[in-house]
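The values are calculated or read from the model by the stated rules, or taken from the named source; none is laboratory data. Owing to the predicted nature of the structure, the values given are computational and were not obtained by experimental measurement. With ideal geometry, Cβ positions are generated from the backbone for all residues, glycine too; neighbour counts draw on all protein chains shown. Calculation scope for accessible area: heavy atoms of the full protein, side chains included, ligands and nucleic acids excluded. Shrake-Rupley method; radii C 1.70, N 1.55, O 1.52, S 1.80 Å.
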Amino acid sequence: MIEIRSLCKSYGKTPVLQDVNLNIPQGSVFGMVGINGAGKSTLLRLMAGVLKADKGGVCYEGQDVFENEQVKKDNFFLPDDPYYSTGTTGQELARLYSAFYRFDENIFSSRCELFRLDKKAPLRNFSKGMRRQMFLSLALASRPRFLLLDEAFDGLDPQSRLEFKRALISLTEEQNCTTVIASHSLRELTDICTHFALISGGRVADSGDLQEKLGAVYKFQIGLPEEASPALFPFPCLKCECSGRVAQIIVRGNREEIVQKLEALSPLFVEEIPVDFEEYFLIEADKGRERK
């Protein structure tokens with residue numbers, strides 16, 4: 001388990017993270033979401049032990065990560081824009097990582113073949129997507145117990161995204177790896193994440209089991225006998241969009257009670273639609289802005 005306790009970080013006089021508390025279960029795929037500037041990348045760097053917290057800390061199975069070589073050997077951090085020198089090749093990076101991790105050359109070679117990457121070619125000749133594929137191949141081959149990824153899907157084509165998601169699922173199932181992904185690709189996270197945290201204004205605005213959270217909100221499309229309006233519904237809506245006599249609403253509460261109240265409106269039809277992670281994020285982000 002990764003435990004984050006009372007974590008605070010500022011750059012100069014500018015606070016970036018304020019009293020962040022999170023428990024990330026072992027073997028989970030944890031999605032970290034938030035608007036630009038929310039503090040996601042800073043939080044990942046603190047989790048990797050790259051930055052020192054002003055207050056609080058990050059513990060892996062009870063051990064603080066900062067300046068802890070043993071903990072870092074189980075921890076692989078892939079930033080959004082990893083550093084490499086002008087002539088660096090994938091093969092040279094593999095040799096470097098072999099000195100620090102339980103590096104599996106066979107996994108690295110198979111991933112490079114899958115992504116059609118030349119291990120001996122300088123990374124400067126690669127496109128952004130190809131560089132991302134190379135570093136993801138290195139991360140998977142390092143067989144970490146904790147994998148921290150910043151914008152993991154950025155630059156990947158649809159097929160590469162699919163292959164990477166499959167690889168993450170295998171890593172979790174076979175090695176009980178805990179993966180933390182900070183990403184704007186919410187639809188991609190929906191496919192693989194078991195847990196999540198919404199970072200807003202340097203704080204945790206919401207977190208928990210993703211399916212439990214999505215299962216607590218309901219989305220309906222309703223056809224009404226009159227012009228649709230938010231005022232017609234006898235309960236508060238998290239979201240309500242009306243077009244003519246058709247309304248689409250998202251609500252939180254007891255499903256049976258909500259359906260009964262909708263039926264009392266004598267609708268032409270009521271259709272339930274699944275709520276995805278992106279919709280949930282937008283609702284919670286709007287609530288955060290309203291609180292401010």
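Observations on the model:
- Gain on full stretching of the segment that runs from ILE169 to ASP104 - 0.36 nm per residue minus C-alpha separation: 21.6 nm
- Solvent-accessible area per residue for the chain (1.4 angstrom probe, square angstrom): 49 Å²
- Leading residue at positive end of dipole, the chain (Cβ point charges), from VAL204, VAL29, GLN133: GLN133
- Per-residue accessible area (protein heavy atoms, 1.4 Å probe) orders ILE35, ILE249 as ILE35, ILE249, starting from the largest.
- This model, with +1 at the C-beta of Lys and Arg and -1 at the C-beta of Asp and Glu, gives the range 151-292 a dipole about its Cα centre of some 460 debye.
- For the chain, the alpha-carbon coordinates run over 69, 44, 33 Å along the three principal axes, in decreasing order.
- Cys residues of the chain counted as unpaired, since no other Cys beta-carbon is under 4.7 Å: CYS8, CYS59, CYS112, CYS177, CYS193, CYS242
- Accessible surface, 1.4 Å probe, highest first, among residues THR14, THR194: THR14, THR194
- The antiparallel fraction among DSSP beta bridges confined to the chain stands at about 70%.
- The charge dipole of the chain, taken about its Cα centre with unit charges on the Cβ of Lys, Arg, Asp and Glu (plus for the first two, minus for the last two), comes to roughly 1020 debye.
- Normalised contact order of the chain, rounded percent, pairs of Cα under 8 Å and 6 or more residues apart: 20 percent
- Solvent exposure ordering (accessible area, 1.4 Å, most first) of SER183, SER41, SER243: SER243, SER41, SER183
- Element breakdown for the chain at a 1.4 angstrom probe: carbon and sulfur atoms account for 47% of the accessible area.
- Whole-percent P(r), the range 128-277, all Cα pairs, 5 Å bins from 0: 2, 8, 15, 16, 13, 10, 11, 9, 8, 6, 3, 1, 0.
- Placing +1 on the Cβ of every Lys and Arg and -1 on the Cβ of every Asp and Glu, with nothing else charged, gives the range 91-196 a dipole about its Cα centre of roughly 260 debye.
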